[in-house]
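Presented below is the structure to which this report refers.
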Amino acid sequence: MRPLPPLWRWLACAALADWLITRSLTRAAIHMPKPAWLIPGYEGLAWFGQFASTFAALLGFITLGWLVWHTRRSWGEAGLWGSLLAFNAASLLIAPAGLWAVLYHGLLLLILTLLLTQAWRNASGWGMRLAATFTAVSLATGALYQLRPALYTAFGWLGPAPFTLELFNLGEASVTLTPFAFWLVARPPSIARRHFALALIPALAFTVAHLANPSMTAILSVWSTGLTLYLPWPLYALSLYAASATVLHALEHDFAFGWALLLVASGGYAPQLGSQIAFALLGMWLLTQPDPAPVREAPMRPTPKPTKEISELASL
Amino acid sequence: MKHPRLFLTLLMLAGLLTLFKVPLASSQGLTLMAAKITAALPVTDPAAAAWQQATAIEVPLSAQNITKPMFLSTRVKAITVRALYNEAEIAFLVEWADDTKNDSMVRVQDFRDAVALQFPLVEGQPFFCMGQIGSNVNLWHWKADWQADIAARQDMETAYPNMNVDFYPFAKTAFPSPADYADPNYVPALAAGNLFAAVHTSPVEDLIAGGFGSITSQGAAGQNVQGFGAWANGKWRVIFNRALTSKETADLQMSAGKQYFMALAAWDGANNERNGMKSTSQWITLQVGAPATAGPTTRPAETQQPYDFTGVLLMGVPMLLVTLAVLGLAGALTVLANFGNRK
């Protein structure tokens, strides 16, 4: 497959900065005592987070445009991506309401259906198919969660929509299980020990935070990722561990699904901002590419000597 | 790095957009559509058939965790709300699950169930927790104990029916109790017009706030929000109603076809929730009937005006130019990226 432009790495890095700084660190910092000398630093951090969000959103628009061009030979696919680009651009003027909100979320579901179909067709093994399915289910439940109240409002039905909490919880369960599916794709025996060790950091940080103050951890989790932590907390810790190790392994070997995981994670669960939705869908698109797909034209480090594990991975 | 100039150009563009606060993302939050009816609003009957004409939405709540006093394990997780309006009034029906009915504040260890609606008095969305300096909010606070007081005034003897008082000056009965004191001369809070001591004609207190710690009750003459609440089978159902327009400048003025922002908060008395220890929501959009103009507004209701072209131009033209610039740049950079990748 032809290498992807560096735009994708820039987008993933900017989206990651938006997620970790704007939606996580600056919000968590609300609860930290701030002496007078620290406040300018906090304000600077908040401004940098806003800059990262703007940069990520700008790259999101550009990447969507690139995708419309890239898929131009397929009218249907290009039309769907073009519609998403148009909706996101138009929503800067007027937030979609009523029937337009229904159409917008319906469009998201159509795109997810298309992407899942492509993922199943292009994946060379059942591991990636399973991982793509979990990702699609996670994103689709988030879209449905937003679509249903819009549907009731648009058509004047009596509400509220039933089983809303159950749908939300189903999606959160799918989000939590998705990293395990990618873990299987990455084949744990091929993951370096240093990646396992580094992955312990976020998992342990979450564990300590949860044990110290579960309520505040849950609030920060909702702000940062959209997850409510309703499942047993060890599941989230293990999921975070699996995701971290998998991403580190994939990035070192420059596999597309590493960048895809970062983009999808940056979008969050049941995102409300158009830019976050774009990150998640673009990440999902990366998953539909034949795996492994390099994301730059030339490796920055010598290509690792193929090992038995990597060649087996290539044949997934 | 490949394409460093392109990268730097994009960084500079993002910096400019951040500096001028041009948003490149938007969201569609929850929208509550108030349905219009021609009859009188069912302001004392939560089970009235008229409420079925309004689409209900479920608003998630989370514990207030910005300022103390805070309590992170609040119990009310979601509220269902629907709205009706007619030519003169608007009414909201809010419902939430609560296993216990806490409608007494007589004992110091008891706390009431309550629910509140919050409306900004300025354009846009001020801080969702009680507004901020320069951006006041109008609050309608329904209290379960005020609701109970309307049926039968509660006092110490309600909680302690066998209480005995050694001596009450000027009491005429053999066994004096607070009920002996109907003369306001001996009930200074009532004489001073304290709303908490007054005979409640409405279970809703009308307040204004501009940030934490600034909440202020509107005067007795300004208490123009009515309400009704009933608890049954583990659920509270509370109705708020008020005229669409008000003479009070501290009140939100509403009119048909306009959009407003609204937030909700709830307290579970059995969980000792009170003051800032509550569950709150983010801002949701309230649409009073079919939209008549673009964008939300909290301006006072006026006589019918022509379409606000000026407002739309001032807001829309710059955004349109930015959008076109972004799309044009996206297209140009897409072409450049493809040229750069061709071998």
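The values are calculated or read from the model by the stated rules, or taken from the named source; none is laboratory data. Just so it is clear, the model here is predicted, and its values are computed rather than measured. Reconstructed Cβ throughout: ideal geometry from the backbone, glycine too, with neighbour counts over all protein chains shown.
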Worksheet item: Out of (1) buried (at least 17 other Cβ atoms within 10 Å of the Cβ); (2) not in a loop (DSSP other than H, G, I, E, B), the odd one out for A:ALA97 is which?
Response: (2)
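Quick one: in the stretch A:127-170, which of the residues that are of a type outside the set (Gly, Ala, Ser) and touching a residue at least 60 places away in the same chain (Cβ under 8 Å) is surrounded by the most Cβ atoms within 10 Å (Cβ to Cβ)?
Quick first cut of the stretch A:127-170, residues of a type outside the set (Gly, Ala, Ser) only: A:128-130, A:133-135, A:137, A:139, A:141, A:144-149, A:151-153, A:155, A:157-158, A:160, A:162-170.
Next cut, touching a residue at least 60 places away in the same chain (Cβ under 8 Å) only: A:128, A:135, A:139, A:141, A:145-146, A:168-169.
Numbers: A:MET128: 23, A:THR135: 27, A:LEU139: 30, A:THR141: 21, A:TYR145: 20, A:GLN146: 23, A:PHE168: 20, A:ASN169: 15.
Filtering first and then ranking leaves A:LEU139.
For A:PRO189, state whether it is over 26 Å from A:LEU282 (Cβ atoms), within 14 Å of chain B (Cβ to nearest Cβ) and not β-branched (Val, Ile, Thr). Talk me through it step by step, then tell me what you get.
Working: over 26 Å from A:LEU282 (Cβ atoms): yes; within 14 Å of chain B (Cβ to nearest Cβ): no; not β-branched (Val, Ile, Thr): yes.
No, not satisfied.
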Practice prompt. Hey, can you tell me all the residues within the stretch A:47-94 that are β-branched (Val, Ile, Thr) and buried (at least 17 other Cβ atoms within 10 Å of the Cβ)?
Written response: A:THR54, A:ILE62, A:THR63, A:VAL68, A:THR71
Fill in: Residues located in the stretch B:69-125, provided they are modelled with pLDDT under 90 and aromatic (Phe, Trp, Tyr)
B:PHE71
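Would you pick out the residues in the stretch B:264-296 that are small (Gly, Ala, Ser), within 16 Å of B:PHE92 (Cβ to Cβ) and at pLDDT 95 or above?
Restricting attention to the stretch B:264-296, the residues satisfying the condition of being small (Gly, Ala, Ser) are B:265-266, B:269-270, B:276, B:279, B:281, B:289-290, B:292, B:294-295.
Now narrow it down to the ones that are within 16 Å of B:PHE92 (Cβ to Cβ): B:265-266, B:281, B:289.
B:ALA265, B:ALA266 - these are the residues of the stretch B:264-296 that are small (Gly, Ala, Ser), within 16 Å of B:PHE92 (Cβ to Cβ) and at pLDDT 95 or above.
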Discussion item. Quick check on the stretch A:171-179. Is at least one of its residues within 12 Å of chain B (Cβ to nearest Cβ), surrounded by fewer than 20 Cβ atoms within 10 Å (Cβ to Cβ), in contact (Cβ under 8 Å) with a residue 12 or more places away in the chain and assigned to a helix (DSSP H, G or I)?
Written reply: no
Fill in: Residue among A:PHE134, A:PHE163, A:PHE155 that alone is aromatic (Phe, Trp, Tyr) and away from chain B (no Cβ under 12 Å)
A:PHE134
Worksheet, complete the sentence: Exception for A:SER221 within (1) within 17 Å of A:PHE134 (Cβ to Cβ); (2) at pLDDT 85 or above falls at (1)
Worksheet item: So which of A:ALA46, A:ALA57, A:ALA28, A:ALA52 is small (Gly, Ala, Ser), closer than 30 Å to A:ALA260 by Cα, touching an Asp or Glu at 6+ places or on another chain (Cβ under 7 Å) and part of a helix (DSSP H, G or I)?
Response: A:ALA52
